[in-house]
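Participant: This is the structure, below, for whatever I ask next.
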Amino acid sequence: MALSPRPVVTNRIAIDVNGTPSGWVISHSGGNASAPVISETIGATNVVQKHIGGVTYAPHELKCATGMGKNFFDWIDKSLSSQHLMVPQGAIHALDTDMNNISSLNFFNALVTNVAFPAVDASSKDAAVLTVGFQSEYTRNVKGGGKMPGGAITPGKQKDWKCANFSLKMDGHPDASKYTSKVESLTMGAATTTAGTGETRDYQIVPGATSFSNLSCMVSESHADTLYQYHENFVIKGLCSMDKEIGASVEYLAADLKTVLFTLNLTGLGIINLTPDTLATSMTTHRQVKAEFYVTEIKMVPGAGMWG
């Protein structure tokens, strides 16, 4: 009796952007095609006839670290700056241990729809992960064959990126910045709509407005005096005109705590909430206060340790 072929296990996942190898991906999901079922009653038979409607493609989500290719981060950066760079063609490759291509998912005319930068915490030992969502107009599955395309970024160039390695700077609040222990995940979202393309069954995607999450951080209360004063003026007294907004930056650092992987520059910030920890007689740590600001815009600036 003939033996069944041994199952092939995916060992690595690679991404191409515009035909250029752009780094290793931790995980990828989405991009599959589906169609809704449409039911119609025809004539006097009362028999419900069914057929499918237009094809749609599930949103993609991938997780990665730093060390990706420059073209990959350019795609994200231009999306954050509302330029909505559409990638005409890309691919997700599943590879085995010997770097043979098991299968590929080719995607076309793709726009970044959301980016989630990792939360950072000075006490964390977790690896940091960047989450990127994008929508393509259509995809095609391709059976694998051959080795990984030449010019791929090698695994050794992935950076050691930890959630504990960061630096926050808030304009006008240097002491509070220095004693910030946590910053929650910063996210961006870009709305998209679809438009029919006439004779074809696919749809064109059209970019919409870009929005950004709030900045939320935990600060030692004993070093939050300027934040309390800013909160009183901006929120309680209503001195909240645009000229009272501030700027901030979050630096994501390498393991040496000196090399900057990349910086998020935040502009148009206004404080909206200042919430101290619950006061209790049994407290064994210094009291923290959670400061929350709205954010108008985020700009991603690569550092020396960014590229693969």
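The values are calculated or read from the model by the stated rules, or taken from the named source; none is laboratory data. These figures come from a predicted structure and were not determined experimentally. As a convention, Cβ positions derive from the backbone with ideal geometry for all residues, glycine included, and neighbour counts pool all protein chains shown.
Participant: What number goes with the only condition from (1) outside any loop (DSSP other than H, G, I, E, B); (2) out of contact with any His (no Cβ under 8 Å at 6 or more places or on another chain); (3) exposed (fewer than 15 other Cβ atoms within 10 Å of the Cβ) that Gly238 does not pass?
Facilitator: Looking at each condition in turn, Gly238 falls short on (1).
Participant: Would you please name the residue that is modelled with the lowest pLDDT, looking only at residues in the stretch 45-83 that are small (Gly, Ala, Ser), farther than 13 Å from Met300 by Cα and surrounded by 15 or more Cβ atoms within 10 Å (Cβ to Cβ)?
Facilitator: Gly67
Participant: Now, a different point. Cβ contacts < 6 Å: first residue part of a loop (DSSP other than H, G, I, E, B), restricted to the stretch 210-233; second residue among the β-branched types (Val, Ile, Thr) and surrounded by 18 or more Cβ atoms within 10 Å (Cβ to Cβ), any location; separation 6+ or different chain. Result?
Facilitator: Ala224/Val289
Participant: Here are some conditions: (1) exposed (fewer than 14 other Cβ atoms within 10 Å of the Cβ); (2) in contact with a helix residue (DSSP H, G or I) (Cβ under 7 Å, 6 or more places away or on another chain). Ser27 meets all but one. Which one does it not meet?
Facilitator: (2)
Participant: Examine the stretch 204-223 for a residue that is loosely packed, with under 15 Cβ neighbours inside 10 Å, in contact with a Gly (Cβ under 7 Å, 6 or more places away or on another chain), β-branched (Val, Ile, Thr) and closer than 30 Å to Ala58 by Cβ, and state whether such a residue exists.
Facilitator: no
Participant: Could I ask something else about it? Which residues, counting only those in the stretch 225-280, are within 24 Å of the chain's Cα centre (by Cα) and among the small types (Gly, Ala, Ser)?
Facilitator: Once the filter is applied, which keeps residues that are within 24 Å of the chain's Cα centre (by Cα) and among the small types (Gly, Ala, Ser), the stretch 225-280 yields Gly247, Ala248, Ser249, Ala254, Ala255, Gly268, Gly270.
Participant: Further question: Given the structure, is Asp171 at pLDDT 95 or above, touching a strand residue (DSSP E or B) at 6+ places or on another chain (Cβ under 6 Å) and surrounded by 15 or more Cβ atoms within 10 Å (Cβ to Cβ)?
Facilitator: Criteria not met by Asp171.
Participant: Need at least 3 residues that are within 16 Å of the chain's Cα centre (by Cα) per element, so show me which strands (runs of 3 or more DSSP E) inside the stretch 1-114 make the cut, counting only ones lying wholly within it.
Facilitator: 20-25, 27-29, 60-64
Participant: Restricting the search to the stretch 105-150, which residues are of a type in the set (Phe, Trp, Tyr) and farther than 18 Å from Ser27 by Cβ?
Facilitator: Phe108, Tyr138
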